[in-house]
Structure formats: structure tokens, C-alpha cells
Amino acid sequence: MIRNVAFVLGRQSKIFIRGAHRAANSKQSRFLTHKSVQLPILTAFGSYIVYRSTQANTVDAAEDHQNESKWTLYQYATCPFCCKVRSFLDYYGVDYEIVEVNPVSRKEIKFSEYRKVPFLTSKEHQLNGSSLICSVLKTQLITESEVSKILTYYPILENEDGKKKSFDYQNIYNVMYETGIGKEAHDKVRDEMKWRRWVDEVFVHTLSPNIYRTWGESLQAMEYITKVGNFSDFERTLIYYSGAVAMYLIGKRLKHRHHLRNEVRESLYEETYRWLKAVGKNPYQGGDQPNMADLNMYGVLSAIEGYDAFSDLLQNTNIGPWYQRMKTKVKNKDGIQEVQRLKAMSRN
Ligand SMILES: N[C@@H](CCC(=O)N[C@@H](CS)C(=O)NCC(=O)O)C(=O)O
């Protein structure tokens with residue numbers, strides 16, 4: 001992950017170290033090449049690597065967590081994509097339980113070929129990635145079709161880029177209205193899909209550089225992340241300090257990678273205004289009621305609630321009323337009524 005402490009850990013520490021080398025030619029070089037800073041970070045990462053190699057990885061989380069509840073969400077509590085899935089599940093009143101994955105050992109997801117979170121499992125299925133999860137479950141809620149049938153609408157394509165193989169689900173922003181929809185509804189659906197993609201490809205990238213913007217903010221984020229995440233006491237202490245340093249630096253890299261403004265708050269505000277323009281005079285982007293774009297935007301934004309970046313956002317834009325409306329909708333599980341309405345409409 002590029003958006004959360006988990007990013008610092010595991011294989012991502014390699015990226016951090018590579019980043020440190022690159023930064024030797026940049027403004028960050030003064031910081032990174034200073035021995036008083038390098039040593040504690042490298043010691044911390046060194047001890048982490050030794051520690052990780054001594055961990056036993058024998059938990060079969062799939063079996064442990066598959067019994068009572070229909071769906072199990074594998075997540076990092078603070079990851080925006082996971083927050084997005086939780087908001088979706090809560091809004092539609094879907095029954096689920098959570099497995100908080102340890103970002104260091106990731107032993108809870110050893111059984112899974114898909115190496116990221118969030119993913120959702122049931123006895124028969126595994127849904128990988130936040131947008132696929134939302135689209136498949138929304139389709140299931142309104143059509144009541146079998147998940148195995150619904151999954152055929154989201155085929156996986158394999159990409160081979162040199163040695164690297166990756167897999168992409170298709171149509172992840174499509175809810176499959178099996179009965180077909182009229183022209184007006186179709187235009188709305190296209191708009192909804194466009195904004196859902198924007199949340200994943202644009203908006204979400206403004207978050208990390210903003211929550212790790214300064215040393216103070218980076219420590220604030222790490223304090224929260226280590227508090228709610230699944231860490232051992234040893235990892236918690238190690239990550240609080242080394243993670244704050246690493247994420248501060250990674251935040252700067254991400255700022256460049258995603259072409260954010262030098263003052264990253266400006267990018268956060270600009271993109272938020274873009275969203276508010278799409279909402280327009282209506283209470284929601286979906287009109288009188290939230291659509292999937294509202295829900296997804298609310299979900300990722302809720303990942304930074306409590307941070308300075310979020311209070312600044314409330315003070316400098318007028319996102320507050322929309323955010324509050326969404327929060328209430330999710331809390332009240334209003335999606336349950338929406339599904340009933342949609343089902344009644346398709347019967348008539
Ligand atoms: N497109 C995926 C992105 C998920 C993602 O990037 N997850 C991060 C956590 S926020 C992750 O698991 N990264 C791998 C890791 O931390 O090892 C989605 O929408 O779910």
C-alpha cells in the first residue's frame with residue numbers, strides 16, 4: 001500500500017530504502033544522509049527484518065474466521081480502500097466480520113493468492129479489491145443472483161509485463177442491472193462510474209501526502225495507526241517512530257508521483273471542490289439519495305477523519321454538510337431501503 005503504514009512494512013521497506021537512495025540526489029538528501037537520522041531508521045528496519053524472519057506463520061485464518069458470519073473482511077482499519085468497503089457494507093446492512101491483518105507478518109492472509117487488502121471471503125468466494133467488492137455485492141443485493149454467476153460479469157485478465165504478471169478484474173465500476181435500464185438512468189449510471197473511478201485514481205492519492213505532510217502530522221498518523229492496527233507491542237514501538245519518518249518521506253515521493261501541488265493541502269482542497277461541483281445543488285452526487293460514487297467518496301474520506309488534514313479540509317471547503325449527511329445515511333443503514341425501492345421498481 002502506498003497509503004498507509006502497511007506500506008512501510010514488509011516488501012515496501014525495500015521501496016523505502018530505494019527511495020532513500022534516490023532522494024540522495026534531492027532536497028531530502030540532507031536529511032537522509034545525516035548519520036544521526038540514518039542510523040536509527042536502518043537499525044529499526046534491520047531489527048524488523050530479523051524479527052520478521054523469526055515469526056512462525058502457521059495461522060489458517062480462512063478456517064478460523066469463516067464460520068458464523070457470511071462475509072469476512074480482511075482489512076487494515078486505516079486503509080482508505082478498506083474504509084470504503086466498510087462504509088458500503090454498513091450502508092447496505094450487510095452482515096460481516098472483520099479480520100484485522102497484521103501489516104508486518106500478514107499471517108492472517110497467508111492463505112490468499114491476492115496479496116492486498118481489502119478482500120472479502122465467504123465459504124465459497126473471495127472478492128478482491130474494494131471496487132469489485134462494492135460492485136459485486138450491489139449487483140447481488142438488487143438482483144439476488146448467485147455470486148458465482150455475478151462474478152462471470154467481472155472477468156480477470158492477465159497482464160504480463162516482462163517477468164511481472166498481474167491480474168485485472170474488468171468492469172469493476174459496473175453494477176450489473178440484469179433487467180436493463182432506460183436512457184436517462186444509463187446517463188446517471190455512467191456519471192456514477194466516472195466518479196467512482198475518480199475516487200480511486202485521483203482523490204485517494206491526495207490523502208497520504210496530506211496526513212504525512214509534516215513531522216508532527218506523520219507522528220499523529222502513526223499514533224492512530226499503531227493504536228487501531230493489529231501490531232505486537234514490539235512492532236508498535238518500532239513502527240511508531242520509524243514509520244513516521246518513513247511515511248513522511250514517502251509522502252513527499254507520492255506528492256511527485258501523483259503530480260500534487262507543492263503545498264499538498266491545495267490539491268486536497270482542489271479535488272474536494274471538483275467533487276462538490278459534481279454534487280452541485282443536490283444533497284448527493286446521486287441526487288436526492290446517495291449513489292455508489294457518494295458512498296465510495298465518503299468511505300475513503302472517512303479514513304482521514306480525526307487528522308489535521310481533515311479539520312483543515314472542513315475549515316477550507318464546504319464538504320462538511322455533505323460529509324455529515326453521508327455519515328448519517330451510513331449509520332442508519334439507509335441502503336437497505338434503497339435496495340427495497342430498486343427491487344420494487346424492477347418488479348413493476
Ligand atoms: N485497488 C485496490 C488497492 C488496495 C491496496 O492498495 N491495498 C493496500 C493497503 S491500502 C495493500 O494491501 N497493499 C499491500 C501491502 O500493504 O502489502 C483496492 O481498491 O482495493
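Things to note:
- Count of residues meeting criterion [more than 27 Å from VAL339 (Cα to Cα) and within 13 Å of the ligand (Cβ to nearest atom)] in the stretch 111-128: 4
- Identity of the residue in the stretch 147-173, part of a strand (DSSP E or B) and among the hydrophobic types (A, V, I, L, M, F, W, C), that ends up nearest to LYS70 (Cα to Cα): ILE156
- Only listed residue being farther than 30 Å from SER135 by Cβ, basic (Lys, Arg) and crowded, with 16+ Cβ neighbours inside 10 Å, chosen from ARG265, ARG261: ARG265
- Of the residues in the stretch 131-146, none is on the phi < 0 side of the Ramachandran plot, within 14 Å of the ligand (Cβ to nearest atom) and outside any helix (DSSP H, G or I).
- Looking across TYR154, TYR96, TYR74, one residue alone is under 30 Å from GLU223 (Cβ atoms) and free of Cβ contacts under 8 Å to residues at least 40 places away in the same chain. It is TYR96.
- Residue check for LYS343: surrounded by fewer than 17 Cβ atoms within 10 Å (Cβ to Cβ) and without any contact (Cβ under 8 Å) to a residue 40 or more places away in the chain: no
- Some residue of the stretch 99-108 being acidic (Asp, Glu) and at pLDDT below 95: no
- Residues of the stretch 217-262 that are of a type in the set (A, V, I, L, M, F, W, C) and over 18 Å from the mean Cα position of the chain (by Cα): LEU219, PHE231, PHE234, LEU238, ILE239, ALA244, VAL245, ALA246, LEU249, LEU260.
- Unique match (being of a type in the set (A, V, I, L, M) and closer than 16 Å to TRP198 by Cβ) among LEU276, LEU342, LEU313: LEU276
- Taking every residue in the stretch 77-93 that is touching a residue at least 40 places away in the same chain (Cβ under 8 Å) and pairing it with any residue that is of a type in the set (D, E, K, R), at least 6 positions away or on another chain, the pairs with Cβ-Cβ distances below 7 Å are ALA77/GLU100; CYS79/ARG3; PRO80/ARG3; ASP90/LYS333; TYR91/LYS329; TYR91/LYS333; TYR91/ASP334; GLY93/LYS333.
- Residue in the stretch 180-198 that is under 27 Å from ASN102 (Cα atoms) and at pLDDT 95 or above present: no
- Any hit, the stretch 145-153, residues being among the hydrophobic types (A, V, I, L, M, F, W, C) and within 21 Å of the chain's Cα centre (by Cα): no
The values are calculated or read from the model by the stated rules, or taken from the named source; none is laboratory data. What you see is a predicted model, and the numbers here were worked out from it, not measured in a lab. FYI the Cβ positions are ideal-geometry reconstructions off the backbone, even for glycines, and counts take in every protein chain you see.
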